[in-house]
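The structure appears below as structure tokens.
Taken together, the values in this text are just the output of simple stated rules run on the coordinates, not laboratory data. A quick note: this is a predicted structure, and the numbers were derived from the prediction, not measured. Every residue, glycine as well, gets a Cβ built from its backbone with ideal geometry; the counts of neighbours run over all protein chains shown.
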Amino acid sequence: MSIPQTAGGPIESRDDLVRYLAEGSKPKSEWRIGTEHEKFMYCLTTRKPLPYEGRPGIRVLLESMERFGWKPVMEGEYIIGLSQNGAAISLEPGGQFELSGAPLKSVHQTCAEVNTHQQQVREVAAEIGAGAIGLGFAPDWSMDETHWMPKKRYEIMRRYMPKVGGYGLEMMLRTCTVQVNLDFSSEADMVKKFRVGLALQPVATALFANSPFRQGKPNGFLSYRSHIWTDVDNDRAGMLPWVFEDGMGFERYVDYALDVPMYFVYRDGKYIDVAGRRFRDFLAGKIPELKGVVPELSDWADHLTTIFPEVRLKRFLEMRGADGGSWRRICGMPALWAGLLYDQTALDAAWDMVKDWTAEERQAMRDAVPKLAFKTPFRKSSVWELAHRMLEISTEGLKWRAAEDAAGMTEEGFLVPLRETVARGYTRAEELLQLYRTDWARDFAPLYRDFNFL
């Protein structure tokens, strides 16, 4: 989750909020790719999540990363993140370690960034006795074993989440995701990409399904992380069916976001708890806790980071449907969506694929995919067949983008792990379940031994 935003001065009217989003539009030559991924850090000897303090611990991990030129981000006496050249390292509530990559021109560059991060974390983790694993949900840790990070915004969310959903605290402490942030050229371009992204998000969830365990045994799902999001806080999550209605644009999203309950306002290094209040009332001066506090664009930018639909609009679009996964697959996420959305012919083909899907069909697929993944039925076919077509379009889009590395290779190779998954017809989650029942003999020690990607 984000650190406090900086975005400008006082908000004069609703038009400022619309303009803030619209100013994210960029010519195609300036489109960039930003990859974010989270991973679970754990102690090599105990296989338990790292606390903030101690060794191994999150604080020493962050402090040790400074040797690579990262600058600390502090909250009072606590280091809570790092920044460097447009990238950031931040902490999720349960100590999940997140790289929010810089906006880069190609998947080659974003994958090089990911690999550099891996090398740096590997060096530090080896010194302190830590490991890292990529899954969508913590496989065998209880809530009590998971440590809250010392970030004030998480204290506010921790109090509020149980009031609005059944899985909010589990989402905060025990889930990991990988997502990609992509640009748009205009309002119309944003709308088309938003619609394609929302429609195909359940298919991406199946492609990346990788969270079949909870507290040491199968949980009945292939993407338990995705299931959790069905009951976190439905005022700020979901498939947003109105995005497909006439009139969708920056103004429509602003009106939606104005009525999504807030968590906090950040002033003078402190978080003011306004959980449950609406930004619309903040603008109208109707929130007692904020008497005399003038709304600023940075408050709006902060608020937009606390909205969690399957696709999120800020000054770019975030694709949010994937479980955390193995290192090879991290780069497949930006490649998949860049291929679909960054070439006009591919985007048109993807829109042709989904444009006649009904809201009921999209929602039914979203509801079934966490448990059934590729086996989810859709009309006369299945999500497996949709995934095959989605990858075909993305592959062609990457070919047409023709973004080459120094060796003349295009970006299509980053889709290989996803193509392998579709070719074999079963998800990473199903592979792990099979290992659990056979080679692992229902013991998680081999999981930490074989899938530690440091």
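Identify the residue in region 315-328 that is surrounded by 19 or more Cβ atoms within 10 Å (Cβ to Cβ) and not aliphatic (A, V, I, L, M) and, among all such residues, is nearest to Phe250 (Cα to Cα).
Here the answer is Phe316.
Residues that are without any contact (Cβ under 8 Å) to a residue 12 or more places away in the chain, at least 1 per element: which strands (runs of 3 or more DSSP E) completely within region 261-313 meet that?
311-313
Which of the residues that make up region 392-427 are free of Cβ contacts under 8 Å to residues at least 60 places away in the same chain and within 21 Å of the chain's Cα centre (by Cα)?
Once the filter is applied, which keeps residues that are free of Cβ contacts under 8 Å to residues at least 60 places away in the same chain and within 21 Å of the chain's Cα centre (by Cα), region 392-427 yields only Ser394.
Can you tell me how many residues within region 310-349 are within 14 Å of the chain's Cα centre (by Cα) and closer than 20 Å to Ser25 by Cβ?
Total meeting the criteria: 9.
Restricting to region 423-453, give me the number of residues that are more than 25 Å from Thr205 (Cα to Cα) and part of a loop (DSSP other than H, G, I, E, B).
Residues flagged as more than 25 Å from Thr205 (Cα to Cα) and part of a loop (DSSP other than H, G, I, E, B) within region 423-453 amount to 6.
Could you tell me which of the residues Thr116, Thr110 is in contact with a helix residue (DSSP H, G or I) (Cβ under 6 Å, 6 or more places away or on another chain), in a helix (DSSP H, G or I) and among the polar types (S, T, N, Q)?
The match here is Thr110.
So, restricting to helices (runs of 4 or more DSSP H) that lie completely within region 333-422, which ones have at least 2 residues that are surrounded by fewer than 18 Cβ atoms within 10 Å (Cβ to Cβ) and among the basic types (Lys, Arg)?
Answer list for region 333-422: 383-401.
Kindly indicate whether Val124 is more than 23 Å from the chain's Cα centre (by Cα), farther than 27 Å from Lys270 by Cβ and of a type in the set (A, V, I, L, M).
yes
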